[in-house]
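All remarks here apply to the structure that follows.
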Amino acid sequence: MKASHAPLIIVGAGIAGLCAALAAAPHPVRLLNRTRALRGAAADAATALAQGGIAAALAAGDDVNAHVDDTVCAGAGHNDHAAVAYLCAQAPAAIGWLRDQGVVFDGDPGETEFAREGGHRCARILHCGGDATGARILAALQERVQSARHVQWHRGVDVDGLLMRGDVVAGVRMRNAVGQEHCLTGSAVVLATGGIGGLFAATTNPVSAQGRGLALALAAQATLRDLEFVQFHPTALDLPGRVQLPLLTEVLRGVGAVLRDRLGRPLMQGEHAMADLAPRDVVARVVWQALRDGRGAFLHGEHLGLDWERDFPTVLGQCLAHGLDPRSRALPIQPAAHFHMGGIDVDLDGQSSVPGLYAVGEVACNGVHGANRLASNSLLEGVVYGRRVGAQAALARPPLTAISARHTLWTANAGASLGDNRLNWLRRSLADVLGPARIHARIIATRKRIAADPELAHSCQGRVALAMLNAAASRRSSLGAHYWAHLSSDDRADEAASMPHVSATVRNRSITGP
Ligand code: SIN
């Protein structure tokens, strides 16, 4: 196959991968994803689980600069300003494009409804089917991709290696459901593989979100960036013993739901000027601390007289499935790993530090989210940057013919997948040491334990965990979602004597290094 006719390979079929595939037209695309299922949790894409919606400055009185300011404020100023400016400026056009793909937002046409979430100064969030936004958008895009003549979609394949010619990414190695190996060369590879929530003991992501794209990028020696910044959603439904927890959308707090401890005392009072609608990192730390202190943490929406069936059918269904009725009782909550701000270091066109390798969506980091993502900017990122990166990557012409005579293909292996015991140990450890509040000595101790176990250290998940632990250990002051627990002198003594039992304390206003 001539390089110019070689397909663009896109790995991952969530919102970013699908938008990239559509935008690459007319260049041929091979779209690869792990599961065969298209709908629901089995679809293996966090997009399907996204509730709140998609942010765009379209409401009367709102404007793009306000959206930019809120994004940078939530991101603790660590954002790449050009990336934010592009995201927010393109948001209204992205909504128009989604409508062209068949997405109908609640209130369309003419009276689009806007919801409010944490960190937003006004109601700015468009949604579909109440809290079914991600699932509805995903379904519309899947339909478009299925009828796009330039896209061949292979479902049920797992990519576990990147094919390299010299230091250029030239394709992928993949396995089907019965373990048969196939290699596919292409004009370039776009990773749109999602995040890392499945490496934590509690997550709102699909459990399969275990950093496979990061492991592939590490194997190809691509630069990763900002890996220490993991966002915890403050209101996951607390179902002990389960890794994947149902999300209780922040829009509930946008319509008046409040966080209280088990004695009914408001959790957010005096913690932040925006109280229950403070940026997510702040709220997650307060909830985390309340649970540590044994005070309990609950989301109260039962008094609001909401139309749950119309506006929150996903939350209602998930709660009822677990015997909890949000119409009549408060819901027990806990913070859960939700979004990775860090990822493969890319420019605004998605180009990584390795020729031929692009990344977009949660697996990528172009700096748009800074140290903490603003609510409902992730579906937006998937559309805005998915389209930009797909179009740019389709133009990529790595110098394959020039180097192919001298360099044969070799595979950069992502590493084997861990068995259940080690994976569960890793999940508990990362939840403990890379959670909403962190203690340096524990990070170092966990890093040592992983490094001392070759099976763990060389696995796909272990490599990613080590990279995240290294990043967290090297950022010595708190910033956004990376937060050092404040230790009293007693705590410090305990910490030195007995690391696993120290009771760290979070004080949201004291930003202190370890
Ligand atoms: C939510 O609905 O609370 C989550 C939205 C997001 O992650 O942006």
Open item on the list: Taking R0 as 45 Å, what FRET efficiency do you get between residue 274 and residue 347 from their Cβ-Cβ distance, rounded to the nearest 0.05?
Closed with: 0.85
Task: Cβ-Cβ FRET estimate between residue 302 and residue 477, R0 fixed at 56 Å, reported to 0.05 - done: 0.90
TODO: Can you check what the net charge comes to around residue 241, using other residues whose Cβ is under 15 Å from the Cβ of residue 241 (Lys, Arg +1; Asp, Glu -1)?
DONE: +1
Task: Heavy atoms of residue 280 accessible to a 1.4 Å probe, total area in Å² rounded to 10 - done: 10 Å²
- [ ] Please give, to one decimal in nm, the separation of the simple spin-label points placed at residue 425 and residue 409, each 7 Å out from Cα toward the Cβ.
- [x] 3.6 nm
TODO: List the residues whose amide H sits under 5 Å from the amide H of residue 416, counting only those 5 or more places along or on another chain, with H placed 1.01 Å from N in the peptide plane.
DONE: 460
Task: Cα-projected label distance for residue 150 with residue 242, points at 7 Å along beta-carbon direction, nm - done: 4.1 nm
TODO: Go through 216, 241, 301 and say which Cα lies farthest out towards the positive end of the charge dipole of segment 214-310; charges sit on Cβ, +1 for Lys and Arg, -1 for Asp and Glu.
DONE: 241
Task: Length released on extending from residue 417 to residue 59, taking residue separation times 0.36 nm less the Cα-Cα span - done: 124.3 nm
TODO: Whenever you get a sec, compute what percent of the accessible area on segment 146-286 sits on carbon and sulfur atoms (1.4 Å probe).
DONE: 47 percent
Open item on the list: Let's test the formula: R0 of 41 Å, r as the Cβ-Cβ distance of residue 121 and residue 445. What FRET efficiency results, to the nearest 0.05?
Closed with: 0.50
Open item on the list: If I model a spin label as a point 7 Å beyond the Cα along the Cα-Cβ vector, how far apart are those points for residue 397 and residue 320 in nm?
Closed with: 5.8 nm
TODO: Mind ranking 182, 440 by accessible surface for me, highest first, 1.4 Å probe?
DONE: 182, 440
Task: Net lengthening on full extension, residue 37/residue 309 (0.36 nm per residue, minus Cα-Cα) - done: 95.3 nm
Open item on the list: I want the local charge near residue 113. Using Cβ-Cβ distances under 10 Å, sum +1 for each Lys or Arg and -1 for each Asp or Glu among the other residues.
Closed with: -4
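The values are calculated or read from the model by the stated rules, or taken from the named source; none is laboratory data. What you see is a predicted model, and the numbers here were worked out from it, not measured in a lab. Cβ sites come from the backbone with ideal geometry, for glycine too, and all protein chains shown count toward neighbours. Areas reflect the complete protein model, heavy atoms only, side chains present, ligands, DNA and RNA absent. Shrake-Rupley method; radii C 1.70, N 1.55, O 1.52, S 1.80 Å.
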